[in-house]
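> Okay, handing you the structure first.
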Amino acid sequence: MKASVIEMFLVLLVTGIYSNKEMAKKSKRPKFTVPQINCDVKAGKIINLEFIAKCPAGCQDPKYHVYGTGIYASYSSVCGAAVHSGVLDNSGGKILVQKVAGQSGYKGSYSNGVQSLSLPRWRESFIVSESQPKKGVTYPSILTYSSPKTPAAEADETTKAYQKPSTPETTAEPVMLMQVLSNLEAEAAHTALTKSSLLAPSASTSPRPQLMGHRSWEMDCKVDLSFLIDGSSSLGKRRFRIQKQFLADVVQALDIGPAGPLMGVVQYGDNPATQFNLKTHMNSRDLKAAIEKITLRGGLSNAGRAISFVTKNFFSKANGNRSGAPNVAVVLLDGWPTDKVEETARLARESGINIFFITIEAAVENEKQYMLEANFANKAVCRTNGYYSFNVQSWFGLHKTVQPLVKRICDTDRLACSKTCLNSADIGFIIDGSSSVGTSNFRTVLQFVANLSKEFEISDTDTRIGAVQYTYEQRLEFGFDKYHTKADILNAIKSVGYWSGGTSTGAAIHYALEQLFKKSKPNKRKLMILITDGRSYDDVRIAAMAAHQKGVITYAIGVAWAAQDELDIIATHPARNHSFFVDEFDNLYTSVPKIIQNICMEFNSQPRN
């Protein structure tokens with residue numbers, strides 16, 4: 001009897017405890033509320049590794065950037081990625097987001113009304129699916145966001161895109177995860193192996209050599225120098241500090257000053273910004289102090305946009321640019337750019353800027369598929385002969401580039417893209433093909449045109465040559481964009497056929513302005529060299545005035561029966577520097593040196609911004 005009472009008591013006790021536990025569990029289990037997020041929220045801003053969220057309508061807008069296809073970089077808009085992947089339409093809705101490992105690259109594509117972009121390696125990725133909760137997983141009703149930070153601090157927590165992808169730990173347990181950690185703790189939690197860890201100094205790392213003071217090349221090193229430094233979010237403070245130390249070492253080697261080199265710095269990420277211009281700091285001490293204060297801006301690696309910015313804004317008189325000093329831009333880039341550089345670099349070269357490219361930790365073979373532009377450095381630099389490019393294997397090897405870079409910058413005779421009188425013009429030859437010239441003399445005129453052309457540096461970004469032949473009528477023999485090498489130009493001149501006819505010089509000038517010089521590039525000097533052997537049948541005054549008003553510098557070369565008064569009207573003022581006369585065709589060659597001399601004297605005397 002006693003035993004049965006005890007057994008009954010135990011059964012009741014166990015049943016009561018179980019019931020209490022069940023009641024407690026039910027009472028503690030909150031009703032799940034799906035958190036709402038905005039279209040502009042990036043996955044990297046949410047600390048949770050797995051979560052359900054509700055997106056609003058309108059996230060298809062292109063201002064919400066998405067990077068990748070299927071698997072998206074955490075730099076992407078969460079809701080934009082959901083629309084791109086087809087999980088949602090533009091009306092919004094609930095989604096399940098799971099963080100996964102960083103990828104070696106992300107390919108852009110157009111899908112469901114959203115154009116996603118390509119991106120190099122990134123530290124963290126995510127995938128989006130329909131909001132079907134996993135069995136046994138509790139999802140947070142409130143998402144945990146990283147604390148607001150300055151761009152520099154934010155960038156420091158983002159491991160560099162150009163690294164081996166990290167492998168974040170995943171779990172099926174409830175995910176109220178990862179409080180905001182210190183940079184090193186966050187790195188450990190997110191990344192199995194990063195470039196940052198590879199960059200840590202080791203016993204085998206050779207110390208940065210002490211740079212000597214003034215070097216022999218500095219004495220004549222009068223250049224205006226712009227450094228375009230990589231300030232992308234993914235760079236990290238450690239590598240950014242190495243980049244700043246590199247700048248300080250260059251400054252130390254150059255000996256900055258009004259009589260020597262001047263230097264400014266532009267930092268680029270999504271957009272470029274001038275840190276300081278050429279005239280802000282006029283000595284090495286102040287410049288080094290200013291470099292030390294530069295902070296990381298963040299964003300992507302839009303080097304092309306930075307080159308365009310420098311071409312349009314940096315090298316101006318207002319910013320301290322000096323007439324006669326070569327303009328040099330040195331681009332530092334980690335990995336590869338997130339935009340294209342070819343077209344903007346071409347415009348920079350045409351503006352007389354010598355572009356050097358320093359690529360640190362360039363893409364390896366299996367990463368090149370993610371680059372927007374293959375061989376981007378060769379498309380950007382002044383010349384593709386290796387002189388203007390540096391490939392640095394590791395950030396800790398960057399200091400070895402200081403001395404060779406400084407030496408090349410200061411060897412101004414080899415700065416091939418600097419604007420000179422011989423590489424910065426569109427030159428149009430207007431050739432009299434009238435009956436009075438004759439076949440033999442016409443060949444002599446063509447040889448004269450060839451002799452003048454030989455003196456110039458000819459390419460699609462340097463001096464370009466075009467030609468018009470005229471009688472009563474006019475004929476475009478070849479335009480500025482037809483031939484881009486000296487050999488091709490000389491062959492084209494040699495191939496011009498003699499026309500024969502009357503002499504309407506005024507009409508020929510009008511024709512050249514419309515058919516030849518109208519297609520001249522805006523940053524080119526426009527030179528018209530007209531050769532004639534007689535007085536024109538029409539009035540040249542209105543045509544000559546039109547040429548002068550359009551900024552075309554006109555040289556008038558008269559032979560035999562040419563009228564001097566007409567030559568002086570055609571020629572740019574002062575006529576004594578732009579009008580030439582020889583009594584015989586065979587003496588045309590004698591005027592070549594004087595014409596070239598006058599062209600260069602005029603170029604060197606012109607004020608430049």
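> Counting only residues 5 or more places away or on other chains, whose amide H sits under 5 Å from the amide H of Ile355 once H atoms are built in the peptide plane?
Ala329, Cys382
> Shifting gears a bit: Let a ≥ b ≥ c be the square roots of the eigenvalues of the Cα gyration tensor of segment 540-609; is it rounded (a/c under 1.5), or, if not, prolate (a/b larger than b/c) or oblate?
oblate
> Something else: Full extension from Tyr589 to Lys407: what is 0.36 nm times the residue separation minus their Cα-Cα distance, to one decimal in nm?
Additional length available on full extension: 61.5 nm.
> Once you put a point 7 Å from the Cα of Glu457 and another 7 Å from the Cα of Arg346, both along the Cβ direction, what distance in nm separates them?
Output for this residue pair reads 1.9 nm.
> Taking Cα pairs under 8 Å and at least six residues apart, what relative contact order does segment 375-491 come out at, in percent?
Contact order relative to length: 22 percent.
> So if each residue of separation counts as 0.36 nm, and I subtract the Cα-Cα distance between Asn366 and Cys600, what length gain in nm does that give?
Details: separation 234, 0.36 × 234 = 84.24 nm, distance 4.98 nm.
Result for the pair: 79.3 nm of gain on full extension.
> Which pairs in the list Lys222/Lys494; Lys244/Lys317; Lys293/Lys419; Lys94/Lys237; Lys407/Lys518; Lys244/Lys312 are over 30 Å apart, alpha-carbon to alpha-carbon?
Lys222/Lys494; Lys293/Lys419; Lys94/Lys237; Lys407/Lys518
> Tell me, what is the FRET efficiency for Ala374 and Lys482 to the nearest 0.05, using R0 = 25 angstrom and their Cβ-Cβ distance as r? It would help to have the intermediate numbers written out before the result.
Numbers: r = 27 Å, r/R0 = 1.10.
Computed FRET efficiency for Ala374 and Lys482: 0.35.
> Let me ask something else. For the pair Ala318 and Lys494, how long in nm is the line joining their label points, each one 7 Å along Cα→Cβ?
The answer from the label model is 5.0 nm.
> For segment 114-133 and segment 225-268, compute the distance between their C-alpha centroids and round to whole Å.
Measuring centre to centre over Cα atoms gives 34 Å.
> Taking the full set of protein chains and a 1.4 angstrom probe, give the accessible area of Glu514 in square angstrom, rounded to the nearest 10.
90
> Does segment 43-130 classify as rounded, prolate or oblate by the C-alpha gyration tensor (a ≥ b ≥ c root eigenvalues; a/c under 1.5 gives rounded; else a/b over b/c gives prolate, otherwise oblate)? Let's see the in-between values first.
Working: a/c = 1.89, a/b = 1.16, b/c = 1.64.
Verdict is oblate for segment 43-130.
> Still on this structure: Using a Förster distance of 25 Å, how high is the FRET efficiency between Gln245 and Ala273, based on the Cβ-Cβ distance and rounded to 0.05? Could you put the intermediate results ahead of the total?
Details: r = 21 Å, r/R0 = 0.83.
It comes out at approximately 0.75.
The values are calculated or read from the model by the stated rules, or taken from the named source; none is laboratory data. As the structure is a prediction and not an experimental result, all values here were calculated from the model. Counting neighbours? That spans all protein chains shown, and the Cβs are built from the backbone with ideal geometry, glycine included. Each accessible area value is taken on the protein alone, full model and side chains, heavy atoms only, with ligands, DNA and RNA left out. Shrake-Rupley method; radii C 1.70, N 1.55, O 1.52, S 1.80 Å.
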